[in-house]
Amino acid sequence: MLLQILIPEYLTYEFVLVILNMKIVLFEDEKFTNFYPITRLHSLTEIRTGKYTQKEKVFFQFNIRPLIFSPRKSYRDEFKVDDDTLFLNARLKDFRFFKELEKGVCIINKEGEILGYRGEKFISKKKDFKGYKVIEKELPTFNFIWDIIRDLTESLYSDFKDSARFLGKLESPIGKFVFLRNRRNIYVGKDVKLREGVVLDAEEGPIWIEEKTELESYTFVKGPSYIGRKTKTKPGTILDKVAVGDVVKLGGEIEESIFQGYSNKQHSGFLGHSFIGEWVNLGAGTTNSDLKNNYGEVTVILKEKKYQTGMQFLGVMIGDHSKTAINTSFNTGTIIEPFCNIFGRTFPPKYLPPFSWWSGEIEEYKLDKAIETASKVMNRRNIKLDEKYRKRIKELFLETRKERKTKKY
């Protein structure tokens, strides 16, 4: 009986006997750079793609906490592989295909990228495939940061399907002036405060609100939407198909966007089809465009290259610790890297490198000042800027210094 309580309901007894003797390694491959600005200071395994981050998704689907491997030393766990281990690519949209993967089997796609394998050693190139049965199969993956934005609604539906048995459960009191549309499609966690006039509209998809979250009066939430722990909204906030991490402050109108966590957009202004990292603060009136005037395909600039996204709607992607002044406006498909401060009177460039102060031209944000401010901001949320994180920040500053000094955007 105890075993059945500890595992998700959809796992069979026979499958549990297999996975209890197996480790899982979630790895990011060389495409982690396609997920800038968020992977500048995060492993790809930490990225929120819906209700879950990628490593949370693995834990939920397998009931095993994955070990993390990255080609970047500062972003991986220390461990040794010498026994039965399931290796999973962190770019996979879903990991359940690998539940019954046999030992000695490696799955690749038509480009030869490794999607997953089960064995007793790392493999990274075709020459390492000796002894493996290699099977080519096309499985859905995220290939760029904007793929996560494009597929947000689909990802939320998938995540909520796994959690369907909890929907309809309200663990906090609901006042008589709170309106729940399609109540059976809503989950409300413990110690959640829903003020008078709050509307949760789950007609088109589930709504999940984690514990200790506060939605102020006349907040409107349209599903599918996920709102993390200790998040707060301002009165009159509109949330339309969003995935919001823990400890976020929200205001204004937000549509089909992702907040990694620990960021503030608590004033008026529109945010649409966007991805906001951690420790970001958007000043009052900050607004982005997510649709071109000619209704054409949105392009972005990433890693000194211009990419066609194939998307008609795409807003702004902002890395950790970046800040905007009041009334800042962003063009469609803008990428703002970590530690940027934006306070110009016109649209900033569609790409700003890390540690940029922008007021019409780029100046370098001094490393010591950036760390000092980051420490203050994190301390306000009772989180210490430790040496491991400090090392990541310093590495990022040094590896991007040339870009700030030689490139014009």
(message) Checking the cross-link filter: which aspartates and glutamates have an alpha carbon closer than 20 Å to that of K306, excluding same-chain neighbours under 8 positions apart?
(response) E30, D147, D290, E297, E337, E403
(request) List, in the order given, every pair from K137/K222; K193/K369; K249/K369; K93/K391 whose Cα-Cα distance in the structure shown is over 28 Å. (result) K137/K222; K193/K369; K93/K391
(request) Would you mind checking K265/K384; K57/K366; K232/K394; K31/K57; K176/K230 for any pair whose Cα atoms are more than 26 angstrom apart? (result) K57/K366; K232/K394
(request) Whole Å is fine, so just give me how far the alpha carbon centre of region 143-190 lies from that of region 271-285. (result) 22 Å
(request) Give me the percent of DSSP beta bridges within region 291-401 that run antiparallel, rounded to the nearest 5. (result) 45 percent
(message) Based on alpha-carbon centroids, what's the gap between region 45-89 and region 306-367 in Å, whole number please?
(response) 30 Å
(request) Give me the percent of DSSP beta bridges within the chain that run antiparallel, rounded to the nearest 5. (result) 20 percent
(request) Using a 1.4 angstrom probe on the protein heavy atoms only, line up R183, R401, R48 by accessible area, largest first. (result) R183, R401, R48
(message) Tell me whether region 320-409 comes out rounded, prolate or oblate; compute the Cα gyration tensor, take square roots of the eigenvalues as a ≥ b ≥ c, and use a/c under 1.5 as the rounded threshold.
(response) oblate
(message) Here are a few candidate values for Cα extents along the principal axes in Å: (i) 61, 60, 45; (ii) 224, 66, 36; (iii) 58, 54, 37. Which one was actually calculated from the structure I just gave you?
(response) (i)
(message) Quick check on the chain: helices-only [θ] at 222 nm, where DSSP H runs of length 4 and up contribute -39,500 (n - 2.57) each and the sum goes over total residues. Nearest 500, please.
(response) -5000 deg cm²/dmol
(request) Sort L67, L44 from largest to smallest accessible area, using a 1.4 Å probe on the heavy atoms of the protein chains. (result) L67, L44
(request) Would you work out what percent of the accessible area of the chain, with all protein chains in place, is carbon or sulfur (probe 1.4 Å)? (result) 49 percent
(message) Give the lysines reachable from K121 as a straight Cα distance under 21 Å; neighbours fewer than 8 places away on the same chain don't count.
(response) K23, K55, K73, K80, K99, K103, K130, K133
(message) Need one word for region 153-309: rounded, prolate or oblate. Basis is the Cα gyration tensor (sqrt eigenvalues a ≥ b ≥ c); a/c below 1.5 gives rounded, then a/b vs b/c decides.
(response) prolate
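The values are calculated or read from the model by the stated rules, or taken from the named source; none is laboratory data. Model, not experiment: these values are computed from the prediction. Keep in mind that these areas ignore ligands, DNA and RNA; they rest on the heavy atoms of the full protein, side chains included. Shrake-Rupley method; radii C 1.70, N 1.55, O 1.52, S 1.80 Å.
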